[in-house]
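Chemist: Structure below; questions to follow.
The values are calculated or read from the model by the stated rules, or taken from the named source; none is laboratory data. Treat the numbers as computed from the prediction; the structure is a model and nothing was measured. Every residue, glycine among them, receives a Cβ derived from its backbone with ideal geometry; neighbour counts consider all protein chains shown.
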Amino acid sequence: MGVRYAVGLPTVGEFGDPVLLVELAVLAEKHGWDGVYLWDHVLFHDPTWPVANPTVTAAAVAAATTRVRLIVMHVLPRHRVELVAREAVSLDVLSGGRLTFAAAIGSMDSEFTAFGASADLRVRAAALDAGLDDLRALWSGSPVGPESVRMVPGPRQPTGIPIWCGGRWPNKAPLRRAARFDGVMPTFIDQKSRVVPPEELAEAVSYIAGVRGSLDGFDIAMEGATSPGSSVASYEVGAYERVGLTWWIEAMGWWRGGVAAARTRIAAGPPAI
């Protein structure tokens, strides 16, 4: 099928407005992008910045679009899994089966400690693993737990809602976790300020291929920045595709010109290989 292209939208700062995010998602669909990726935060480093809820925003995007895939990040260790399970299925049904569920351990300790939760990474990792297993079980429609809880209806997608897991390479534990599911979103050191060589992505892909045994039906997604009609700095997106990339996520944000620049970049359409 080749690489597919999503617009990556922060949900904080000047982007922390769900009305704006829906507008940008509709613009992305109009101009040929394949998906929209939304961050998950309840706080941010600057406490004065607005923050938008990604699930509520994604529901509005689903209602305003017909084609783009909704890739929604969830910092699962700070969510109640039963609520997430219900929300995700409702979003999948509402969108006509366009949801991809992205899961991460979280990047801000304060989003845990400010609400009385542990920020210990081992605690969060255990909660993430348990939460992912519980999600799959709840989405199956089969009885779950000591009280044989069943959640119906199930996802709209016949094969279930795809789950991608994030993780910072070269840490291997997050990629081993991702190997149990449907995709991975590796991040890299100083990714916002440099071009990640394809060789670095190739190392991560090679590792996860070794864990899984096969990458058939498995997505490899990476964020980066391109200019219309040009390469990714000195590398073409095609160089990432040749080492296994299946989704390119065009990262929008305040660090690359803010909302005005995002509108311009989205309207220019996805990069050509």
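Chemist: So which helices (runs of 4 or more DSSP H) are wholly in region 35-139 and hold at least 2 residues that are under 28 Å from residue 218 (Cβ atoms)? It would help to see each step written out before you state the result.
Modeler: Working: elements: 54-64, 81-94, 110-113, 121-139.
It comes to 54-64, 81-94, 121-139.
Chemist: Restricting attention to region 140-180, report how many residues are part of a loop (DSSP other than H, G, I, E, B), free of Cβ contacts under 8 Å to residues at least 24 places away in the same chain and either over 21 Å from residue 89 (Cβ atoms) or touching a Pro at 6+ places or on another chain (Cβ under 7 Å) (or both).
Modeler: Looking only at that region, the number is 3.
Chemist: Of the numbered conditions (1) touching a Ser or Thr at 6+ places or on another chain (Cβ under 8 Å); (2) within 27 Å of residue 9 (Cα to Cα); (3) surrounded by fewer than 17 Cβ atoms within 10 Å (Cβ to Cβ), residue 189 satisfies every one except a single condition; which is it?
Modeler: The one condition residue 189 does not meet is (1).
Chemist: On to the next question. What pairs can you find where one residue is in region 44-57 and under 21 Å from residue 79 (Cβ atoms), the other is outside any helix (DSSP H, G or I) and among the charged types (D, E, K, R), and their Cβ atoms are less than 6 Å apart, with a gap of 6+ or different chains?
Modeler: Hits for this filter: 54/40.
Chemist: Next up: Counting only residues that are farther than 16 Å from residue 181 by Cα and surrounded by 13 or more Cβ atoms within 10 Å (Cβ to Cβ), which one in region 130-148 is modelled with the lowest pLDDT?
Modeler: Of the residues in region 130-148, the ones farther than 16 Å from residue 181 by Cα are 141-148.
Subsequent filtering for residues that are surrounded by 13 or more Cβ atoms within 10 Å (Cβ to Cβ) retains 141, 144.
Details: 141: 90, 144: 87.
Here the answer is 144.
Chemist: Looking at 226, 246 in this structure, which one is under 29 Å from residue 85 (Cβ atoms) and buried (at least 16 other Cβ atoms within 10 Å of the Cβ)? Before the answer, list the steps.
Modeler: Values: 226 fails: under 29 Å from residue 85 (Cβ atoms).
That would be 246, the only listed residue that is under 29 Å from residue 85 (Cβ atoms) and buried (at least 16 other Cβ atoms within 10 Å of the Cβ).
Chemist: Which ones in region 238-256 are of a type in the set (A, V, I, L, M) and under 19 Å from residue 215 (Cα atoms)? Let's see the steps before the verdict.
Modeler: Filtering region 238-256 down to residues of a type in the set (A, V, I, L, M) leaves 239, 243, 245, 249, 251-252.
Of everything in region 238-256, those that are of a type in the set (A, V, I, L, M) and under 19 Å from residue 215 (Cα atoms) turn out to be 239, 243, 245.
Chemist: What are the residues in region 85-108 that are surrounded by fewer than 17 Cβ atoms within 10 Å (Cβ to Cβ) and not small (Gly, Ala, Ser), if any?
Modeler: 86, 93, 108, listed by residue number.
Chemist: Can I ask one more? Among the listed residues 127, 119, 114, 102, identify the single one that is modelled with pLDDT of 95 or more and either touching a strand residue (DSSP E or B) at 6+ places or on another chain (Cβ under 7 Å) or basic (Lys, Arg) (or both).
Modeler: On the way: 127 fails: either touching a strand residue (DSSP E or B) at 6+ places or on another chain (Cβ under 7 Å) or basic (Lys, Arg) (or both); 119 fails: either touching a strand residue (DSSP E or B) at 6+ places or on another chain (Cβ under 7 Å) or basic (Lys, Arg) (or both); 114 fails: either touching a strand residue (DSSP E or B) at 6+ places or on another chain (Cβ under 7 Å) or basic (Lys, Arg) (or both).
102 is the lone residue from the list that is modelled with pLDDT of 95 or more and either touching a strand residue (DSSP E or B) at 6+ places or on another chain (Cβ under 7 Å) or basic (Lys, Arg) (or both).
Chemist: Of all residues in region 176-186, how many are crowded, with 22+ Cβ neighbours inside 10 Å and of a type in the set (A, V, I, L, M, F, W, C)?
Modeler: Here the count works out to 3.
Chemist: Hey, could you check region 47-65 for residues that are under 15 Å from the mean Cα position of the chain (by Cα) and among the hydroxyl-bearing types (Ser, Thr, Tyr) and say which is surrounded by the fewest Cβ atoms within 10 Å (Cβ to Cβ)?
Modeler: 55
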